[in-house]
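The values are calculated or read from the model by the stated rules, or taken from the named source; none is laboratory data. This structure is a prediction, so every number in the text was calculated from the model and none was measured. Here the Cβ is made from the backbone with ideal geometry for all residues, glycine too, and neighbour counts use every protein chain on show.
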Amino acid sequence: MNKNTKSPLWAGRLAHKPDADAYAFQASISVDKRLVFDDIAGSRAHVAMLGKQKIIPAGFAAKIGAELERIARELKSGKLVIDDSAEDIHSFIEGILTERLGDAGRMVHAGRSRNDQVATDFRLYLKRTVPQLQNELAETIVTLLDRAEQHLGSIMPGYTHLQRAQPVTLAHHLTAWCCGLERDYSRFRDALDRLDACPLGAGALAGSGLPLDRAAVADALGFSRPTLNSMDSVADRDFALELSSACAITMIHLSRFCEDIVLWASEEFGFINLAEAWSTGSSIMPQKKNPDFAELIRGKSGRAAGNLAALLTLLKGLPYAYDKDLQEDKESLFDSLDTLSACLRMFRGMMGSAEFNVKKMKAACCGGFMEATDAADYLVRRGLPFRNAHETAALIVRDCIEAGQRHIGDRSLAELKKRSKLFEDDIYRALKPAACVKARSLPGGPAPREVRRQIRALRKRLTKKV
Ligand code: ARG
């Protein structure tokens, strides 16, 4: 073993130590150092309980508590820095305590294992940081809803199979995105509810024979309860899986929205004009203005999906209870959380500053015969069975194509009547894109009044949560 590295916590049993390369291979400090303040919080609660329960002398407990507080302060001010050659964050903190307090420091690990310690630290970290991510998510939804509110009447094509299908509004489209993001928000909340149990006291796997007070520790750390079963506490990581999945799902949502944006930003669509500050150029093509941010968010969704797959695979074959494999759980979830947080910020900036080309969106509603369903519905209202109405409208579309016309309304009433006597003069009004949208006022539909209601409902759900 490298002479520079401190003796590991488990050195007593083993006469031979790993060489520096092997030691570094199994160390986790580079990843778990971000848990440092959670680790200190866990130790403080544990030590206070040890003192109260008279497992260690009260005076020692107070001394250790005060030292832990000092260590936290020094880490924050930079007076103390984390030693990257420590095995993990738990060893680092216990090492400093022992260095400074001698025997008192050596008392801190009574009734505790790094197995329940790391499970606790990880959950504390998530309880602290996931709400910040939820705020990012909520702010992103609000940004989109604000944009939607400005475009309740901005008509655009709705697509299926990426073919023009039926007219909708930009507000309807943006609100659709928000519905997905709002469910993502609640997925995080659900996961937080389930992980809100404190593993400390589970020990290595079988709890402890010492008279620990698990409920007091859980309470001091702000958990709503201690975990139920000590083996489960150190063996399972389903909370990490749930959060990794929530991150992946949210990233897949963002990725799909970004795909819309990339399409809209193309010359072919021309629906969106991204701010110059949210675009990039080309090193060779002087004219280029690329939607790189949207592309990169779309690209990074692969990472989040990969992290979820990695975690599922990690857990798949593990015997109960703790296995060192579990050390690999944090890096992938941290990466997913960091990636999502950054993507939400970028997405928000990009969408908050984008300009929509509502004229082009409206113009795109002519051509593609998106009014054909409304022509069929017109006939249904006049008593024709839908299948017949569908056939009639389809034949009229064929007539239009043959005649080089781009809209059913381009045909004369006489021509329309040749296909069905039920057509009257009011058909022309019914086929206008704005009328098609207005008619779709059912709950969920694109009619401006209805979308306003959807926006209000989403805002209400968010204020209840945030
Ligand atoms: N670094 C370890 C992890 O993240 C801490 C627990 C180590 N426990 C053990 N028995 N080696 O999982």
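Structural remarks
- Where Leu35 falls short, out of the listed (1) within 16 Å of the ligand (Cβ to nearest atom); (2) more than 24 Å from Pro18 (Cβ to Cβ): (2)
- Taking first residues from the range 197-215 that are farther than 18 Å from Arg237 by Cα and partners that are in a strand (DSSP E or B) and away from the ligand (no atom under 13 Å from the Cβ), the Cβ contacts under 7 Å between residues at least 6 apart in sequence or on separate chains come to Arg214/Pro226; Ala215/Pro226.
- Of residues in the range 297-316 being within 30 Å of Glu268 (Cβ to Cβ) and surrounded by 15 or more Cβ atoms within 10 Å (Cβ to Cβ), the one farthest from the ligand (Cβ to nearest atom): Arg298
- Among the residues making up the range 94-124, those that are away from the ligand (no atom under 12 Å from the Cβ) and under 32 Å from the mean Cα position of the chain (by Cα) are Arg123, Leu124.
- For the range 17-28, the condition holds for at least one residue, the condition being that it is within 12 Å of the ligand (Cβ to nearest atom), part of a helix (DSSP H, G or I) and either modelled with pLDDT of 75 or more or touching a Cys at 6+ places or on another chain (Cβ under 6 Å) (or both).
- Candidates Gly59, Gly65, filtered to the one that is away from the ligand (no atom under 13 Å from the Cβ), free of Cβ contacts under 8 Å to residues at least 40 places away in the same chain and within 18 Å of Gln117 (Cβ to Cβ): Gly65
Listed here are the residues, each with its yes/no results for (1) within 13 Å of the ligand (Cβ to nearest atom); (2) under 21 Å from Thr250 (Cβ atoms).
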site	(1), (2)
Leu318	yes, no
Asp323	yes, no
Lys330	yes, yes
Phe334	yes, yes
Ala342	no, yes
Met346	no, yes
Val358	no, no
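- Selection of the range 156-176 for residues being crowded, with 22+ Cβ neighbours inside 10 Å and not in a helix (DSSP H, G or I) yields Met156, Pro157, Pro167, Val168, Thr169.
- Sole residue being surrounded by fewer than 19 Cβ atoms within 10 Å (Cβ to Cβ), farther than 18 Å from Ser255 by Cα and among the basic types (Lys, Arg), chosen from Arg183, Arg194: Arg194
- Test: residue in the range 253-269 that is more than 30 Å from Asp329 (Cβ to Cβ), touching a helix residue (DSSP H, G or I) at 6+ places or on another chain (Cβ under 9 Å) and of a type outside the set (A, V, I, L, M, F, W, C): yes
- Taking the criterion of being among the aliphatic types (A, V, I, L, M) and over 10 Å from the mean Cα position of the chain (by Cα), the only residue of the range 175-190 that qualifies is Ala176.
- Scope the range 173-229; condition of a type in the set (D, E, K, R) and within 25 Å of Leu137 (Cα to Cα); matching residues: Glu182, Arg183, Asp184, Arg187, Arg189, Asp190, Asp193, Arg194, Asp196
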